[in-house]
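What follows is a short report on a single structure.
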């Protein structure tokens with residue numbers, strides 16, 4: 001059960017919190033490449049608020065998208081994020097922005113996420129979770 005303090009805020013000083021936004025308005029699209037989609041989704045989530053991805057399809061993602069405090073990312077039915085290595089390997093598709101500085105942002109909600117990864121990525125994730133480190137490449 002979620003604590004209400006963990007959910008995105010419904011009001012901020014001066015009522016400047018962004019409302020609902022469609023990630024498509026930032027260029028996030030099933031026919032875009034992973035690099036462009038990563039940049040578009042990052043632009044959509046940067047201001048916080050609620051971002052929706054409603055157009056069904058498979059969206060390539062070629063890097064980590066960082067989520068800040070009071071951000072809700074809602075994926076509609078038939079939406080799949082596909083992790084692709086257009087820029088090289090990476091581990092996290094979505095990551096709490098505060099994890100970089102160990103401050104951890106709050107009020108981040110992700111709903112309806114379906115993630116498609118390669119077999120190599122699946123092995124990497126399992127190995128990392130079990131060993132607490134990335135496996136070496138040979």
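The values are calculated or read from the model by the stated rules, or taken from the named source; none is laboratory data. Here the structure is a predicted model, which is why all the values come from computation and not from measurement. Counting neighbours? That spans all protein chains shown, and the Cβs are built from the backbone with ideal geometry, glycine included.
Note on segment 83-114: among residues that are modelled with pLDDT of 90 or more, in a loop (DSSP other than H, G, I, E, B) and out of contact with any helix residue (DSSP H, G or I) (no Cβ under 7 Å at 6 or more places or on another chain), the one that is nearest to residue 68 (Cα to Cα) is 93.
Just need a number here: residues in segment 49-73 that are over 15 Å from residue 95 (Cβ atoms) and in a loop (DSSP other than H, G, I, E, B).
Here is the first cut: in segment 49-73, the ones over 15 Å from residue 95 (Cβ atoms) are 49-60, 70, 72.
Add one more test, that the residue is in a loop (DSSP other than H, G, I, E, B), and what stays is 54-56, 70.
The qualifying residues number 4.
Only residues that are crowded, with 16+ Cβ neighbours inside 10 Å and more than 10 Å from the chain's Cα centre (by Cα) were counted across segment 55-70, and they come to 6.
Select from segment 90-104 the residues that are within 18 Å of residue 60 (Cβ to Cβ) and surrounded by 13 or more Cβ atoms within 10 Å (Cβ to Cβ) and write down the one among them that is nearest to the chain's Cα centre (by Cα). Spell out the reasoning first.
From segment 90-104, those within 18 Å of residue 60 (Cβ to Cβ) are 90-95; that's our starting set.
Add one more test, that the residue is surrounded by 13 or more Cβ atoms within 10 Å (Cβ to Cβ), and what stays is 90, 92-95.
Values: 90: 13, 92: 9, 93: 6, 94: 3, 95: 6 Å.
Selected residue: 94.
If you filter segment 22-53 down to residues that are surrounded by fewer than 18 Cβ atoms within 10 Å (Cβ to Cβ) and in contact with a helix residue (DSSP H, G or I) (Cβ under 6 Å, 6 or more places away or on another chain), you find that the one that is farthest from residue 66 (Cα to Cα) is 27.
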